[in-house]
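Participant: First the structure, then my questions, so here it is.
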Amino acid sequence: MADSKRQKSKKDLLFNAAMSIIGERGYGGTSVDEIAARAGVAKGVVYYYFDSKAALAEQLIKTGLDALAVRLDRAIEPEMSASEAITALAHEQMRQIEKRRDFAKFLLSEMWREDRAWQMTLDTCVANIVAIFEREIKRGISDGQFASLDDESIAFIAQTIWATYLSGALNWTVIHPEDDPSAIADRLAQYALAGLRA
């Protein structure tokens, strides 16, 4: 039991160290030596848990995005209208980015690259999040709140709204931290809803 806790602790330390450094410098500017030093473990410990730096980064992406998907989904209450759900998603996105700024920086820097070993994992995790937005857009169309769209347009708009929320939240944390995050979430939601209702 004690050994299991120590192993989990070391893995958590590596996760936190990697997230912090990669968030600061980007994946390419981070070495395994730096991750190990920040975590306070020997370099060999990194390779005990992960085959490579890429495998560690892939696990960071999967863990972070899977957790985000759960929190976004839970932010939608059963009694909410589709419009209220789209607004709730904006607020939850802001909350999660505020808590995990390093992860957001890492994610945004890597989302648009096509040469990473973890591309399939990233695509799958993003698709799970976008599906939440698609579900609410379809519900809004069915209820007559949103304009009618074909499935291809729904998928595109859902991804665009999520990416807008993500970049808007990061813009707040990095460029305008003095602004009210709730007000920013409302503005992001209003922008999304204006397009959906048009």
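Participant: Residues in region 49-58: is at least one loosely packed, with under 13 Cβ neighbours inside 10 Å, aromatic (Phe, Trp, Tyr) and either modelled with pLDDT under 90 or within 24 Å of Ala185 (Cβ to Cβ) (or both)? Give the steps one after another, and end with the answer.
Facilitator: At the first step, the residues of region 49-58 found to be loosely packed, with under 13 Cβ neighbours inside 10 Å are 51-52.
After this cut, where a residue has to be aromatic (Phe, Trp, Tyr) as well, the list is none.
No, because not a single residue in region 49-58 is loosely packed, with under 13 Cβ neighbours inside 10 Å, aromatic (Phe, Trp, Tyr) and either modelled with pLDDT under 90 or within 24 Å of Ala185 (Cβ to Cβ) (or both).
Participant: Name the single residue, out of those in region 146-162 being without any contact (Cβ under 8 Å) to a residue 24 or more places away in the chain and of a type outside the set (Asp, Glu), that is surrounded by the fewest Cβ atoms within 10 Å (Cβ to Cβ).
Facilitator: Filtering region 146-162 for residues without any contact (Cβ under 8 Å) to a residue 24 or more places away in the chain gives 148-154, 156, 160.
From the residues that got through so far, the ones that are of a type outside the set (Asp, Glu) too are 148-149, 153-154, 156, 160.
Working: Ser148: 9, Leu149: 17, Ser153: 12, Ile154: 20, Phe156: 14, Thr160: 14.
Per the stated criteria, the residue is Ser148.
Participant: Another question about this same structure. All but one of (1) part of a helix (DSSP H, G or I); (2) over 21 Å from His91 (Cα atoms); (3) among the polar types (S, T, N, Q); (4) touching a helix residue (DSSP H, G or I) at 6+ places or on another chain (Cβ under 8 Å) hold for Thr124, so report the exception by its number.
Facilitator: Here Thr124 clears every test but (4).
Participant: Pick out the one residue from Ile86, Ile76, Ile97 that is at pLDDT 90 or above, of a type outside the set (Ser, Thr, Tyr) and touching a Phe, Trp or Tyr at 6+ places or on another chain (Cβ under 9 Å).
Facilitator: Working: Ile76 fails: touching a Phe, Trp or Tyr at 6+ places or on another chain (Cβ under 9 Å); Ile97 fails: at pLDDT 90 or above.
Only one candidate qualifies: Ile86.
Participant: Moving to a separate point now. Please go through region 13-39 and give me each residue that is outside any helix (DSSP H, G or I) and more than 15 Å from Phe103 (Cβ to Cβ), ordered by number.
Facilitator: Of region 13-39, the ones outside any helix (DSSP H, G or I) are 26-31.
Gly28, Gly29, Ser31 - these are the residues of region 13-39 that are outside any helix (DSSP H, G or I) and more than 15 Å from Phe103 (Cβ to Cβ).
Participant: Of the conditions (1) touching a residue at least 60 places away in the same chain (Cβ under 8 Å); (2) crowded, with 16+ Cβ neighbours inside 10 Å, Asp143 clears all except one; give me its number.
Facilitator: Checking Asp143 against (1) touching a residue at least 60 places away in the same chain (Cβ under 8 Å); (2) crowded, with 16+ Cβ neighbours inside 10 Å, the one that fails is (2).
Participant: Can you tell me which of (1) of a type in the set (A, V, I, L, M); (2) surrounded by fewer than 17 Cβ atoms within 10 Å (Cβ to Cβ); (3) not assigned by TED's automatic domain parsing to the domain that holds Ala158 is the one Ile35 doesn't meet?
Facilitator: Here Ile35 clears every test but (2).
Participant: Follow-up question, since we're still on this one. Contact list please: Cβ distance under 8 Å, first residue in region 22-42 and modelled with pLDDT under 90, second residue assigned to a helix (DSSP H, G or I) and among the hydroxyl-bearing types (Ser, Thr, Tyr), pairs at least six apart or on different chains.
Facilitator: Listed by first residue and then by second, the contacts come to Gly26/Ser109; Tyr27/Ser109.
Per-residue answers, yes or no, for (1) within 17 Å of the chain's Cα centre (by Cα); (2) assigned by TED's automatic domain parsing to the domain that holds Gln96; (3) of a type in the set (Asp, Glu); (4) not in a loop (DSSP other than H, G, I, E, B):
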residue	(1), (2), (3), (4)
Arg135	no, yes, no, yes
Arg139	no, yes, no, yes
Gly144	no, yes, no, no
Ser148	no, yes, no, no
Glu152	no, yes, yes, yes
Ala155	no, yes, no, yes
Leu166	yes, yes, no, yes
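Participant: State the number of residues belonging to region 59-91 that are of a type outside the set (Gly, Ala, Ser), touching a Leu at 6+ places or on another chain (Cβ under 8 Å) and within 18 Å of Ala117 (Cβ to Cβ). Show your work before the answer.
Facilitator: Narrowing region 59-91 to residues of a type outside the set (Gly, Ala, Ser): 59-63, 65-66, 68, 70-74, 76-80, 84, 86-87, 89, 91.
So of that shortlist, the ones also touching a Leu at 6+ places or on another chain (Cβ under 8 Å) come out as 61, 65, 72, 76, 86-87, 89.
If we keep only those that are within 18 Å of Ala117 (Cβ to Cβ) too, we end up with 61, 65.
The number of residues fulfilling the criteria is 2.
The values are calculated or read from the model by the stated rules, or taken from the named source; none is laboratory data. Just so it is clear, the structure is predicted and the values come from calculations on it, not from any experiment. We place every Cβ from the backbone using ideal geometry, glycine too, and count neighbours over all the protein chains shown.
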